[in-house]
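S.K.: Right, I'll just put the structure down here and ask away after.
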Amino acid sequence: MGLIAGLFASSLVQGLMEEKVNALVKNEIAHFQVHEPNFRDDYDVKKTIINSSSIIDDFKKDAEIEAFSAKTIVMPMMTTTKGNTVVKASGVEVENEKKVSNIFEYIVEGDFLETDKRNPIVISKKIAEEYDLKLRSKIVLTMQDIDGEIIAASFRVSGIYATNNSVFDKMNVYVKQADIQKLILSNEPNEISVLMKDFNKAEKKAAVYATKFPKSEILSWLDIEPTMRMTMAVQKKYTYIIVGIILFGLLFSLINTMLMAVLERIKEIGVLMAIGMNKSKIFSMVMLETILYGVIGGSAGLLISFILIEYLGSAGLNIGDTYSDFGYASLIYPSLEIKEYIGVSIMVFVMTLIGAIYPALKALGLNPVEAINK
């Protein structure tokens with residue numbers, strides 16, 4: 001039961017992290033991004049990517065890159081009849097963005113900028129509910145152009161999306177890149193999001209391009225979100241930490257169980273010693289029994305945990321919107337790697353060995369005559 005609790009808790013945390021990473025990569029960052037240095041500090045529209053055409057040409061020739069999307073990002077004031085707020089407006093080329101981001105899959109009403117009408121905008125369900133907006137509602141975006149002049153333009157809601165990340169939803173809207181570039185008087189992107197064919201090559205590939213184009217800031221998703229790097233490093237050790245704590249507590253229960261088993265059979269052990277059984281065999285007998293307890297109990301715990309985690313890993317576990325404000329999905333798919341099951345198996349075996357030593361030594365300390373007379 002201890003193993004089932006520990007392994008399931010670990011698989012749940014790992015499932016949470018995997019969903020967070022998937023959402024971060026597929027909806028927000030992709031595998032790596034290109035900006036001008038310090039652009040992400042203030043989202044200044046003047047900081048467009050130098051030599052963006054050369055960078056894009058290299059991306060097109062790179063066989064390891066699956067897709068990329070050049071964007072124009074602005075931070076306008078969004079004004080509605082119910083109030084106003086600052087949002088992050090991503091000007092995108094629709095077809096390229098669909099190859100890099102999964103936002104279009106979260107559309108619950110309308111479409112993802114697929115209309116031919118002027119100045120469409122896609123907003124989140126959170127924004128729609130907060131500001132009483134619906135399809136065709138009018139929104140005014142106020143921002144600065146590259147000359148520092150204040151400009152404003154009206155947009156019509158063409159689509160509404162809803163992801164599992166309420167923080168992301170409250171901040172992000174999408175418009176056509178051509179529309180936003182016309183307003184800010186710039187034809188150059190200030191962000192390029194890149195999706196790799198192999199997730200594990202993202203950091204290395206970002207480093208290669210950062211060396212090739214030193215005037216641009218090219219960072220992998222782990223460098224853009226450094227907290228995720230630290231969280232993932234801790235998460236890799238989480239299984240062993242939580243199971244280790246549980247096994248440490250269970251160690252005392254195991255010692256107590258085996259100690260009582262020895263004390264309840266003092267006469268039997270005394271008789272065995274009196275008829276000539278040597279101490280090494282007595283020691284081995286107690287050790288073997290303890291190890292069998294550990295192997296049987298550990299194997300049962302690992303097997304049940306594996307079945308439970310595999311089932312929920314396919315069906316999913318709905319935890320509601322408890323963690324949505326922290327960017328976590330409501331539907332979690334628990335998972336554990338095989339190497340973690342192997343690591344825990346080794347921990348169980350070591351724990352049973354440690355737990356067997358004291359009861360076995362207690363049995364060795366018995367005097368045959370005194371033991372028989374007890």
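Rule-based calculations on the coordinates, nothing more; no lab input. Every value quoted in this text rests on a predicted model; they were computed, and no experiment measured them. Note that each Cβ is placed from the backbone with ideal geometry, even for glycine, and that neighbours are counted across all protein chains shown.
S.K.: What FRET efficiency, computed as 1/(1 + (r/R0)^6) with R0 = 22 Å and r the Cβ-Cβ distance, is obtained for residue 349 and residue 278, rounded to the nearest 0.05? Please report the intermediate quantities before stating the final value.
M.R.: Values: r = 26 Å, r/R0 = 1.17.
Efficiency at R0 = 22 Å is approximately 0.30.
S.K.: Treating cross-link reach as a plain straight distance, find the lysines whose alpha-carbon is under 22 Å from the alpha-carbon of residue 362, omitting any fewer than eight places away in the same chain.
M.R.: Excluding near neighbours in sequence, the set is 267, 279, 281, 374.
S.K.: Just want the ordering: 295, 194, 108, 13, from fewest to most Cβ atoms lying within 10 Å of their own Cβ.
M.R.: Numbers: 295 14, 194 26, 108 11, 13 18.
Placing the least packed residue first, the sequence is 108, 295, 13, 194.
S.K.: Also, I was wondering about something else. In cubic angstrom, how much convex hull volume per residue do the alpha carbon atoms of the range 37-215 span?
M.R.: Numbers: hull volume 21.9 nm³, N = 179.
About 122 Å³ per residue, rounded to a whole number.
S.K.: Which of the lysines could a cross-linker bridge to residue 339, judged by Cα under 23 Å and excluding same-chain residues fewer than eight apart?
M.R.: 20, 201, 236, 237
S.K.: Additional query: Run the helix sum for the chain: -39,500 (n - 2.57) per DSSP H stretch of 4+ residues, divided by residue count, reported at 222 nm to the nearest 500 deg cm²/dmol. Don't skip to the end; give the middle numbers.
M.R.: Numbers: 14 runs with 195 residues, N = 374.
Estimated from H runs of four or more residues: -17000 deg cm²/dmol.
S.K.: Which whole-Hz ³J(HN,Hα) couplings does the range 98-103 yield from phi under the Karplus relation 6.51 cos²θ - 1.76 cosθ + 1.60, θ = phi - 60°, glycine and proline marked x?
M.R.: For the range 98-103, the Karplus-derived couplings read 5, 7, 9, 10, 9, 4 Hz, x marking Gly and Pro.
S.K.: Rank the residues 176, 170 as a footprinting-exposure proxy: fewest other Cβ atoms within 10 Å of their Cβ go first.
M.R.: Details: 176 22, 170 14.
Final ranking by Cβ density, sparse to dense: 170, 176.
S.K.: Going by C-beta contacts inside 10 Å, put 111, 147, 223, 116 in order with the fewest on the left. Working shown, then result.
M.R.: On the way: 111 15, 147 11, 223 18, 116 5.
Ordered by Cβ neighbours within 10 Å, fewest first: 116, 147, 111, 223.
S.K.: What is the magnitude of the charge dipole of the range 37-215 about its Cα centre, with +1 placed on the Cβ of each Lys and Arg, -1 on the Cβ of each Asp and Glu, and no other charges, expressed in debye to the nearest 20?
M.R.: Numbers: 27 positive and 28 negative charges, 21 e Å.
Value, rounded to 20: 100 debye.
S.K.: Where does the charge balance sit around residue 30 when Lys and Arg score +1, Asp and Glu -1, over other residues with C-beta under 11 Å from its C-beta?
M.R.: On the way: positive: 26, 71, 99; negative: 28, 66, 97, 191.
In short, -1.
S.K.: Run through every distinct alpha carbon pair of the range 229-373 and return the Kirkwood hydrodynamic radius in angstroms, one decimal place.
M.R.: Working: mean 1/r = 0.0551 Å⁻¹.
Final number for the Kirkwood radius of the range 229-373 is 18.1 Å.
S.K.: Next up: Mind checking the full-extension length gain between residue 317 and residue 235? Use 0.36 nm per residue of separation minus the Cα-Cα distance, one decimal, nm.
M.R.: On the way: separation 82, 0.36 × 82 = 29.52 nm, distance 1.93 nm.
That works out to 27.6 nm of additional length.
S.K.: Using a cut-off of 17 Å between alpha-carbon atoms, which lysines can reach residue 98, once sequence neighbours fewer than 8 places away in the same chain are excluded?
M.R.: 26, 60, 71, 176, 197
S.K.: Once phi is turned into θ = phi - 60°, what whole-Hz ³J(HN,Hα) does the Karplus curve with 6.51, -1.76 and 1.60 give for every residue of the range 192-199, x standing for Gly and Pro?
M.R.: Per-residue couplings from phi come out as 10, 9, 10, 10, 8, 6, 10, 3 Hz.
S.K.: Give, rounded to the nearest 20 debye, the magnitude of the charge dipole that the range 229-373 has about its Cα centre when Lys and Arg contribute +1 at Cβ and Asp and Glu contribute -1 at Cβ.
M.R.: Numbers: 9 positive and 9 negative charges, 102 e Å.
Value, rounded to 20: 480 debye.
S.K.: Starting from 0.36 nm per residue, how many nanometres of slack lie between residue 147 and residue 108 once their C-alpha separation is accounted for? Write down the numbers at each step before the final one.
M.R.: On the way: separation 39, 0.36 × 39 = 14.04 nm, distance 3.73 nm.
Gain on extension, residue 147 to residue 108, equals 10.3 nm.
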